[in-house]
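Single-structure report; data block below.
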Amino acid sequence: DAKTTQPNSMESNEEEPVHLPCNHSTISGTDYIHWYRQLPSQGPEYVIHGLTSNVNNRMASLAIAEDRKSSTLILHRATLRDAAVYYCIPPFGGSQGNLIFGKGTKLSVKP
Amino acid sequence: GAGVSQSPRYKVAKRGQDVALRCDPISGHVSLFWYQQALGQGPEFLTYFQNEAQLDKSGLPSDRFFAERPEGSVSTLKIQRTQQEDSAVYLCASSVGGAIGYQETQYFGPGTRLLVL
């Protein structure tokens with residue numbers, strides 16, 4: 001099964017970019033990488049997903065390494081509201097499409 | 001539009017008491033998941049429904065845990081004879097279709113925080 005590795009925590013200053021890394025060395029060629037985040041006292045929410053090339057949406061960008069063994073979630077300008085736990089989800093973690101979360105990276109944003 | 005809702009948001013139970021947690025998924029969503037999240041941990045899978053069929057209950061920690069979705073919409077997670085180790089946040093998520101094995105975007109409710117004394 002594909003697995004992911006993330007740092008336990010990161011800090012950022014408000015208005016600065018944040019790069020959240022994830023290693024997924026066992027990913028195969030057709031597997032998508034998904035990112036979710038969980039704000040305090042809320043359920044997780046979808047952030048972004050990608051396969052090969054870089055992806056952008058209104059929340060973030062996802063940069064995927066050429067060998068696809070790692071990816072980086074990029075928040076271009078962190079705000080206080082971005083303080084959350086960010087989860088890099090391995091593909092096909094569960095047989096029914098259920099998500100395998102791990103501990104994620106706890107992002108703190110300083111004003 | 002309406003997202004996934006869960007009730008109650010908070011529940012305090014005495015050890016040995018039965019509890020029922022409700023999930024209202026997004027209307028029309030075929031897939032429904034329940035997760036359990038212990039303090040400081042990521043959510044862990046409990047069970048999965050495709051419409052009214054419970055296709056996977058491999059994550060339920062004991063036979064005290066029971067889930068149902070009789071009409072393929074609202075789901076209830078029931079815990080019998082609650083124990084202190086059942087204290088956690090219980091999250092419900094739904095997704096559009098029953099594409100088994102493919103990770104569709106899941107939409108989560110706010111969770112029910114259960115505290116067993």
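Amide H to amide H, which residues 5 or more places from A:K69 or on other chains are under 5 Å from it, using H placed in the peptide plane?
It is none; the list stays empty.
Just tell me how shielded B:36-46 is by partners: mean number of partner chain Cβ atoms within 10 Å of each residue's Cβ, no decimals.
4
Counting other Cβ atoms within 10 Å of each Cβ, which trypsin sites (Lys or Arg not before Pro) in the stretch B:26-117 have at most 13 and sit in a DSSP loop?
B:R81
Just report the Cα centroid separation between the stretch B:1-58 and the stretch A:43-69, whole Å.
27
Using amide H atoms built in the peptide plane, which far-off residues or other-chain residues are under 5 Å from A:G97 H to H?
The answer is B:G101.
Take every residue in peptide A:35-48, count the Cβ atoms of other chains within 10 Å of its Cβ, and give the average of those counts. Spell out each step's value before the answer.
Numbers: counts 0, 5, 0, 6, 0, 0, 5, 5, 16, 10, 5, 6, 0, 0.
So the per-residue partner count for this stretch is 4.
What percent do you get for the relative contact order of chain A when only Cα pairs under 8 Å and 6+ apart count?
That works out to 36 percent.
How high is the relative contact order of chain B, given as a whole-number percent (alpha carbon pairs under 8 Å, six or more residues apart)?
On the way: 298 pairs, mean separation 43.0, N = 117.
It comes to 37 percent, rounded to a whole number.
Given charges of +1 on the Cβ of Lys and Arg and -1 on the Cβ of Asp and Glu, with all other atoms neutral, how large is the dipole of chain B about its Cα centre, in debye to the nearest 20?
480
For chain A, would you read off the P(r) tail past 22 Å as a percentage of all alpha carbon pairs?
Working: 1586 of 6105 pairs.
Of the Cα pairs, 26 percent sit more than 22 Å apart.
Based on Cβ point charges of +1 for Lys and Arg and -1 for Asp and Glu, what charge dipole magnitude is obtained for the protein assembly as shown about its Cα centre, in debye rounded to the nearest 20?
With only Lys, Arg, Asp and Glu charged at Cβ, the dipole is about 600 debye.
Take B:F65, B:F33, B:F45 and order them by how many other Cβ atoms sit within 10 Å, fewest up front. Please report the intermediate quantities before stating the final value.
On the way: B:F65 19, B:F33 27, B:F45 22.
So the residues, fewest neighbours to most, are B:F65, B:F45, B:F33.
Which of the GluC sites (Glu not before Pro) found in the stretch B:60-117 are in a DSSP loop and have at most 13 neighbouring Cβ atoms, other than their own, within 10 Å?
B:E71
Restricting to chain B, what percent of DSSP beta bridges are antiparallel, rounded to 5?
Roughly 90 percent of the DSSP beta bridges within chain B come out antiparallel.
Only the coordinates and a few stated rules stand behind these numbers; no lab work does. What you see is a predicted model; the values in this text were computed from it and never measured. All Cβ positions, glycine included, derive from the backbone under ideal geometry; neighbour counts span all protein chains shown.
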